[in-house]
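Here the structure comes first, spelled out in structure tokens, and everything after it is commentary.
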Amino acid sequence: AILNCSCGVQELAELLDEEKLSGVPVLIFANKQDLLTAAPASEIAEGLNLHTIRDRMWQIQSCSALTGEGVQAFLDPLWSLTASGHYEL
């Protein structure tokens with residue numbers, strides 16, 4: 001899991017430092033929430049140090065790609081951002 005490996009934290013930090021991505025919101029799927037062993041979104045957020053991000057909006061959404069639960073709730077804000085013309089996919 002990502003919480004057991006600092007590589008996910010390092011990769012996120014590198015992305016956040018990328019000048020081309022300055023100010024771009026961070027949207028994270030906390031997938032596999034249908035599994036009993038899945039880390040909750042709050043634990044993943046803590047493991048990724050999301051609470052330290054101050055220069056952009058961020059959101060983490062619990063979901064299960066298998067069941068589809070939580071996926072639409074995550075995509076709606078994404079579509080809103082792109083529809084506003086601020087960001088492109």
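Please name all residue pairs, on different chains or six or more residues apart, with Cβ atoms under 9 Å, provided the first residue is in segment 29-42 and is under 10 Å from Ile60 (Cα atoms) and the second residue is of a type in the set (Lys, Arg) and open to solvent by 70 Å² or more (accessible area, probe 1.4 Å).
So the pair list comes out empty.
Cβ-Cβ below 6 Å, separation at least six or inter-chain, first residue in segment 62-89 and at pLDDT below 70, second open to solvent by less than 90 Å² (accessible area, probe 1.4 Å) and among the hydrophobic types (A, V, I, L, M, F, W, C): which pairs?
As it stands, the answer is Tyr87/Leu81, since those pairs meet every condition given.
For segment 22-38, name all the residues that are open to solvent by 70 Å² or more (accessible area, probe 1.4 Å) and closer than 26 Å to Asp55 by Cβ.
Correct list: Ser22, Phe29.
When you go through (1) assigned to a helix (DSSP H, G or I); (2) surrounded by fewer than 15 Cβ atoms within 10 Å (Cβ to Cβ) one by one for Ala45, which number turns out not to apply?
Ala45 satisfies all of (1) assigned to a helix (DSSP H, G or I); (2) surrounded by fewer than 15 Cβ atoms within 10 Å (Cβ to Cβ) except (2).
Just give me the residues in segment 48-79 being farther than 16 Å from Ala13 by Cβ and in a loop (DSSP other than H, G, I, E, B), in sequence order.
Within segment 48-79, Met57, Cys63, Ser64, Ala65, Leu66, Thr67, Gly68, Glu69, Gly70 qualify.
The values are calculated or read from the model by the stated rules, or taken from the named source; none is laboratory data. The structure displayed is predicted, hence computed values, not measured ones. Counting neighbours? That spans all protein chains shown, and the Cβs are built from the backbone with ideal geometry, glycine included. Just so you know, the surface numbers come from the protein's heavy atoms only, side chains and all, with ligands and any DNA or RNA stripped out. Shrake-Rupley method; radii C 1.70, N 1.55, O 1.52, S 1.80 Å.
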